[in-house]
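What follows is one structure encoded as structure tokens, with my remarks underneath.
The values are calculated or read from the model by the stated rules, or taken from the named source; none is laboratory data. Being a predicted model, the structure only gives us computed values, none of them experimental. Note that we place each Cβ from the backbone using ideal geometry, even for glycine, and neighbour counts take in every protein chain shown. The area values use the complete protein model at the heavy-atom level, side chains included, leaving out ligands, DNA and RNA. Shrake-Rupley method; radii C 1.70, N 1.55, O 1.52, S 1.80 Å.
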Amino acid sequence: MHTSLLIIGGGLSGLAAAIRLARFNPDVLILEKHSRVGGLNSWYYRHNSLFETGLHAITNFAPPEDKNAPLNRLFRQLKLRRKDFDFHEQLASEICFTNQETLRFSNDFDLLLHEISSKFPGCTSQFIRLVETIKEHDPFQTTPFRSARSYLTGTLNNPLLVDMLLCPLMYYGSSVENDMDFNQFVIMFRAIFLEGMFRPHGSIKDFLDRLLNHYQNFGGKIRMQAQVAKIIHQGNKVQGVELTDGEVIECDALLSTIGLEETFACLDTPPLRKTQGVRLGFVESIFRLPADCRESLPTDKTIIFYNSREQLLYQRPQSLVDLASGVICFPANFQSLAPQPHFEIRTTHLANYSSWKSLAGDKTAYNTAKSTIARQSKTTVEKIIGNFTQHVVYEDTFTPLTIERFTAKKEGAIYGCPDKIKDGIIGYDNLFLAGTDQGFLGIVGSMLSGVSIVNQHILSRL
Amino acid sequence: MTRDEIKDLILEIIKDIDEDADFNTLQSDLPLRDQLDLDSMDFLDIVMELRKRHKLQIPEEDYPQLASLSSCVNYLEPLLKNI
Ligand SMILES: Cc1cc2nc3c(=O)[nH]c(=O)nc-3n(C[C@H](O)[C@H](O)[C@H](O)COP(=O)(O)OP(=O)(O)OC[C@H]3O[C@@H](n4cnc5c(N)ncnc54)[C@H](O)[C@@H]3O)c2cc1C
């Protein structure tokens, strides 16, 4: 079999890249190893109801009339009518450093500005200047890593405020321990603080179904349960791929969205370079509760980013998880959602892949660890949001091993390797990298990654 | 294609990219980009649509020739004369 354009991975970056290509040439094929699309942001069914695997909130909110906003540009590039999508904006979120300070923010940037001027009055003018810099900076240039933390420490001169601003931005978009690249900081600051957060109407499945339908309407094709085992190439020219069942599919150009090392593992030449640094793992728990106990918990907060240490540690913990900081998300707390019989609380904490991996051989020990961690997570966040443990009707926990198993991400690291390949070029004439290891992270980020790598390297070959 | 047909083609492509594009006050000699709020990604779409519809390969160094409506028409006229 031959196809002009082949894409490995049906996650959000692969889907976006595929739509972009199929718009101009329908001879596109996506190969996805799993039985459904979405990758890290997918869904599953338990007890006849749908659970989302990875959706807290989508960043980069923009109203339809704001034509130049990244979200609307993305939709135009994919030829999706933004007006056809119903989005629910967040209520308000919070950065909560227990016993220290709290900062609220929403899709109205003035709230954060107001919070900072009342709680960090000595830093207000520096903060306003920082925001100007962020608005003017071009974060898409490919410059070497520059520490956002050092920059912020220098400009704001307040370690607590630096940690508090970095906390949500790192949790939602840093592959680097305790820091982020300045360009990535600018991207995430705009995405979360200046633009804001929302969720799609319905579930992530509805959103993914629409993307997939749209792609198929352009004539694009997809094969599920099709895992690429090998990329066939002669020197720097890729000829096609071989699936785990031995089938060979030839192509003119190949886009991989499965990660840098994951891609190199399919090639038989030594990698361009080895990635360095620690990959960050996370555990994510979902707790489902009946609607009648909603009132005893926050109903006005969408996401809480918390930290209970004096200093924030965004790094791989020594043990299974680090409960001293994390994210608490209320997927029911977005504007104008219809009432449901149940609602959820989701928690995220940093985790240590190797510690979980050492339990992998012993199913009982692994499951015990999972439920212990879920219990500890509940008691930890109860101190912030109030008691709810006794009402939980269903719960589930994903570890780095779960994520590795379902998405083949090395070490289950959601944000991939720490150093990114911004231009998507990995040393081959017709093979490019998009998605997590290209460097744009999150749902909108990975979709923009797919689109921009296609624009830069593949459209001109059609 | 006549000059008018080429002009309509360009406007039709732009309408397809952005259904809210407003041509009422469009001046042919001024940059499309500023008047219609188009970015470089939208420009790439104009090029790609011309390729898809009329098999035109426009090299990157010629993109500046597509800046305004009248420069588009001037540039495309010889290329589309037999269509
Ligand atoms: C728990 C959790 C919560 C999150 N919350 C949010 C959030 O609230 N907001 C947000 O914006 N982002 C969130 N994210 C991050 C976001 O989901 C990711 O950044 C984004 O989905 C990455 O997309 P991707 O296409 O780059 O990678 P992936 O989704 O990993 O896509 C890669 C695809 O390739 C497939 N694949 C791998 N190997 C092969 C192979 N050999 N052959 C064929 N197919 C293969 C995988 O199955 C996968 O479908 C969350 C992630 C997780 C895990």
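Between the beta carbons of B:Met41 and A:Tyr394, assuming R0 = 35 Å, the FRET efficiency works out to 0.25 to the nearest 0.05.
Multiplying the sequence separation of B:Gln65 and B:Glu77 by 0.36 nm and subtracting their Cα-Cα distance, what value in nm do you get? Net length gain for the segment: 3.1 nm. Ordering B:Ile14, B:Ser68, B:Leu79 by the projection of their Cα atoms onto the charge dipole of chain B, which places +1 on the Cβ of Lys and Arg and -1 on the Cβ of Asp and Glu, puts B:Leu79 at the extreme positive end. Residues of segment A:2-19 falling in the label zone of A:Phe85, defined by backbone nitrogen less than 12 Å from a point 7 Å along Cα to beta-carbon, are A:16.
By the equivalent-ellipsoid construction on the alpha carbon gyration tensor, segment A:20-172 comes out with semi-axes of 35, 21, 17 Å, ordered largest to smallest. List, by residue number, every residue in segment B:45-59 with a reduction of 20 Å² or greater in accessible area between the chain on its own and the complete protein assembly, 1.4 Å probe. Hits at the 20 Å² cut-off: B:Asp45, B:Met48, B:Glu49, B:Arg51, B:Lys52.
Taking all protein chains as present, what is the carbon and sulfur share of the accessible area of the protein assembly as shown, in % to the nearest whole number, probe 1.4 Å?
Details: 10990 of 22460 Å².
The nonpolar share, carbon plus sulfur, comes to 49 percent.
In chain A, excluding the sites themselves, the longest stretch lacking any of the trypsin sites (Lys or Arg not before Pro) that are in a DSSP loop with at most 14 other Cβ atoms within 10 Å is A:310-462. Using a probe of 1.4 Å, the accessible surface attributed to A:Cys329 totals some 0 Å² when neighbouring protein chains are kept in position. In a Debye calculation with equal point scatterers on the alpha-carbon sites of chain A and no solvent, what is log10 I(q)/I(0) at q = 0.07, 0.12, 0.13, 0.14 Å⁻¹? For chain A, the Cα-only Debye profile gives -0.34, -1.06, -1.26, -1.46.
With a 1.4 Å probe and every protein chain left in place, work out the accessible area per residue of the protein assembly as shown in Å², rounded to a whole number. Don't jump to the answer; show the numbers that get you there.
Working: 22460 Å² over 545 residues.
In whole numbers, the protein assembly as shown has 41 Å² accessible per residue.
Taking 12 Å as the cut-off, no amide N atom of segment A:380-424 comes nearer than this to a point 7 Å along the Cα-to-beta-carbon line of A:Arg223. Around the Cα centre of the protein assembly as shown, unit charges on the Cβ atoms of Lys, Arg, Asp and Glu (plus for the first two, minus for the last two) sum to a dipole of about 1380 debye. Distant-in-sequence amide contacts of A:Phe282, defined by a placed amide H-H separation under 5 Å and a gap of 5 or more residues or a different chain, comprise A:Ala351, A:Ile414.
Whole-Hz Karplus values for segment A:420-425 come out as 9, 9, 4, 8, x, 8 Hz, taken residue by residue from phi with 6.51 cos²θ - 1.76 cosθ + 1.60 and θ = phi - 60°; glycine and proline positions read x.
Quickly estimate the mean residue ellipticity at 222 nm for chain A, helices only: each DSSP H run with n ≥ 4 gives -39500 (n - 2.57), and the total goes over all residues, rounded to 500. Intermediate values should be presented prior to the final figure.
Values: 13 runs with 140 residues, N = 462.
Mean residue ellipticity, 222 nm, calculated: -9000 deg cm²/dmol.
Comparing each chain alone with all protein chains together (probe 1.4 Å, DNA, RNA and ligands left out), the residues of segment B:3-40 losing at least 30 Å² of accessible area are B:Asp16, B:Ile17, B:Asp18, B:Glu19, B:Asp20, B:Asp37, B:Asp39. Close amide H contacts of A:Thr3 (hydrogens built in the peptide plane, cut-off under 5 Å, sequence separation of 5 or more or a different chain): A:Glu250, A:Cys251, A:Asp252. In this rough spin-label picture, where each label sits 7 Å from Cα along the Cβ direction, the A:Glu261-A:Gln239 distance is 3.0 nm. Compared with the alpha-carbon gap, the fully stretched path from A:Thr102 to A:Asn213 is longer by 35.7 nm at 0.36 nm per residue.
Normalised by 2.2 N^0.38 Å, with N the number of residues, the alpha-carbon radius of gyration of segment A:324-453 equals 1.32.
Buried surface for the B/A pair, taken as the accessible area of each chain alone minus that of the pair with a 1.4 Å probe, is close to 1600 Å² in total.
Taking θ as phi - 60° and the Karplus parameters 6.51, -1.76 and 1.60, the scalar couplings of segment A:99-111 work out to 6, 10, 7, 10, 10, 9, 8, 8, 6, 9, 4, 4, 4 Hz in sequence order, x denoting glycine and proline. Taking the square roots of 5 times each eigenvalue of the Cα gyration tensor of segment A:1-107, largest first, gives ellipsoid semi-axes of 32, 21, 13 Å.
Normalised by residue count, segment A:286-363 yields a Cα convex hull volume of 128 Å³ per residue.
Couplings 3J(HN,Hα) for segment A:193-210, derived from phi with the Karplus relation 6.51 cos²θ - 1.76 cosθ + 1.60 (θ = phi - 60°), are 8, 7, 9, x, 10, 7, 10, x, 5, x, 10, 4, 4, 4, 5, 5, 4, 5 Hz, where x marks Gly and Pro. A cut-off of 5 Å between modelled amide H atoms, ignoring neighbours fewer than 5 places along the same chain, links A:Leu267 with A:Ile231.
Which value, in nm² and rounded to one decimal, describes the direction-averaged projected area of the C-alpha convex hull of chain B? About 4.9 nm², averaged over all directions.
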